[in-house]
Amino acid sequence: MTAKKLTVLAGLMFIMGCSSPKFVQPDSPEHVAILVKQAIDHQDLQQLNVYLSDAMKGTLSEVDMSQLKDFSATGAELRTYSFLRMEDEILLLDIVKDPDSNMYKVQDIIHVPEESRTMFDQTAPLK
């Protein structure tokens, strides 16, 4: 493993170790993901609802939480993606923070195939 990967891994471990609502606030996509993971791990549906949009609140059940916990048991990886729609094309930008410059940079550009675009249609009902 390279030194850069080890540094990123150590940083993520530190964040996860210190991630309680007292320390981590839902003020960035990364922090929201950490807090959601923590709520899932603790099977705390009420706390999970705090981090959901109004349209999403109340749509998950205890059964859903149990299924999410099963997913969570196999480990987790935190990534940040930005959605970019250009005319009839959709791209996902995999964004990372460069530790050298302390700036966010795109590490990968993923073209979303036409058959998968309905996942990103905001007018579709929640499933």
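The values are calculated or read from the model by the stated rules, or taken from the named source; none is laboratory data. In this text the structure is predicted, and so the values were computed from the model without any measurement. FYI the Cβ positions are ideal-geometry reconstructions off the backbone, even for glycines, and counts take in every protein chain you see. Heads up: the accessible areas ignore ligands, DNA and RNA and are worked out on the full protein's heavy atoms, side chains in. Shrake-Rupley method; radii C 1.70, N 1.55, O 1.52, S 1.80 Å.
Checking each residue in the range 108-120 for being among the β-branched types (Val, Ile, Thr), in a strand (DSSP E or B) and open to solvent by less than 80 Å² (accessible area, probe 1.4 Å) picks out only 110.
Within the range 68-90, residues that are within 26 Å of residue 113 (Cα to Cα) sit with their Cβ atoms under 6 Å from residues that are at pLDDT 85 or above and open to solvent by 80 Å² or more (accessible area, probe 1.4 Å), at 6+ positions apart or across chains, in these pairs: 80/29. For residue 38, state whether it is more than 26 Å from residue 95 (Cα to Cα) and polar (S, T, N, Q). Judged against the criteria, residue 38 is not a match. The set of residues from the range 75-91 being out of contact with any Asp or Glu (no Cβ under 8 Å at 6 or more places or on another chain) and either among the charged types (D, E, K, R) or surrounded by 11 or more Cβ atoms within 10 Å (Cβ to Cβ) (or both) comprises 76, 77, 82, 83, 84, 85, 87, 88, 89, 90, 91. Among residues of the range 95-107 that are open to solvent by 100 Å² or more (accessible area, probe 1.4 Å), those with a beta-carbon under 9 Å from a residue that is modelled with pLDDT of 90 or more at least six positions away or on a different chain give the pairs 104/95; 107/93; 107/94; 107/95.
On inspection, residue 52 qualifies as aliphatic (A, V, I, L, M) and free of Cβ contacts under 8 Å to residues at least 60 places away in the same chain. In the range 28-74, of all residues being acidic (Asp, Glu) and outside any loop (DSSP other than H, G, I, E, B), the one that is surrounded by the fewest Cβ atoms within 10 Å (Cβ to Cβ) corresponds to 62. Taking each residue of the range 15-32 that is within 11 Å of residue 78 (Cα to Cα) and at pLDDT below 85 and looking for partners that are open to solvent by less than 60 Å² (accessible area, probe 1.4 Å) and β-branched (Val, Ile, Thr) with beta-carbon atoms closer than 9 Å, six or more apart or interchain, yields 16/34.
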